[in-house]
Amino acid sequence: MRGFQNLLSKSKVWLTLGAGVGVTAYTLNRSRINAWCESEYVFDPNVPVNLPTGYPKWDYDWDKRQPYTLAGRMQGKGETEEKYHELLEKNKSKAVRNIYLIRVGEYDENKSACESGLTQVGREQVALTAKRLNEMAAQRNVKFNSISSAAVPVAKETAEILQKNLGVKCTDSDPLLQEGCPSYPEPITHSISVEPKQLFQDGSRIEAGFRKYFHRADPTQEEDSFEVIVCDANVIRYFICRAMQFPSQAWLRMMLAHGSINVISINPRGGVVLRAVGESGFLPPNKLTA
């Protein structure tokens, strides 16, 4: 009986100690939670509770063509407010640029794109791509305005097939659109092996290509435009990341088939819409390569 009483007494002590520790831990944690709530969180009924925080806001002046950017240099030079507003209106974009990024057709993988032309499958892929582009244009009752391509044989041949089927002259063959490694991807992969010197050159060149072709319409452009750019996958993936203001190191997370269609629209205010990525459903299974 005495042994049972001793055991019961010890149990009460342990229960008391455990409760005390639990209350202390709860009090400390509760005070930390209250401090965090008071210092880092302010309830706003107009903001959804699941809205992520800390992400960058959209930069509407990403192409440095906002009206106030173009007209701002005139401020402080004696112009009246009325004159300044006239300059703002004059520098406003009015049209939408629709850019169709087409990946080149299949080519001999034992050769570089600078040396190889399209395979027979590649030519068939591009012909089907042209057919799909015509269908897309017919749906919107529009016509393509121009075709630009990288200055390599496989891109030029792809552009030639497109221009024959679309009835548009290839207006530009540009070395800025040539394939390369735009940056070290994240996550890094062992399939990427490039010397720092080459990466430095490729990255600068491809970025220059983005800045040349991606911007809102010039204020003098009255109608929406539909422009085709032919290049290889790395350049297209980098352009998509940059246009969408995603981290550019994410370019390798996308897979694009040969002859696939990617569509980006740039509106007058500087907004960007990604309308298609890697569209290749028009290609039969035996014509799908990447």
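Summarising the strand pairing of the range 97-287, around 45 percent of its internal DSSP beta bridges are antiparallel. By the beta-carbon count within 10 Å of each Cβ, the least crowded to most crowded order of 238, 100, 60, fewest first, is 60, 100, 238.
Pairs from the table (90/169; 169/212; 57/83; 64/169; 131/156) lying more than 28 angstrom apart at Cα are 90/169; 57/83; 64/169.
Arrange the following residues from fewest to most other Cβ atoms within 10 Å of their Cβ: 192, 261, 236. The most exposed by this proxy come first: 192, 261, 236. Ordering 59, 232, 174 from the fewest to the most neighbouring beta carbons within 10 Å gives 59, 174, 232. Under the criterion of Cα pairs below 8 Å and six or more residues apart, the relative contact order for the range 110-262 equals 28 percent.
With a Förster radius of 25 Å applied to the beta-carbon distance between residue 131 and residue 244, the computed FRET efficiency rounds to 0.35. Between residue 222 and residue 269, the distance separating the two model label sites (each 7 Å from Cα on the Cα→Cβ line) works out to 2.5 nm.
Electrostatic bookkeeping for residue 250 treats Lys and Arg as +1 and Asp and Glu as -1; over the other residues with beta carbon under 11 Å from its beta carbon, the sum is +2. For residue 142 and residue 212, the FRET efficiency from 1/(1 + (r/R0)^6), where r spans their Cβ atoms and R0 equals 22 Å, is about 0.40.
All of the numbers you see were taken from the coordinates with simple rules; none came from a lab. In this text, all values refer to a predicted model and were calculated from it rather than measured experimentally. Neighbour counts are summed over all protein chains in view; Cβ atoms, including those assigned to glycine, are modelled from backbone coordinates with ideal geometry.
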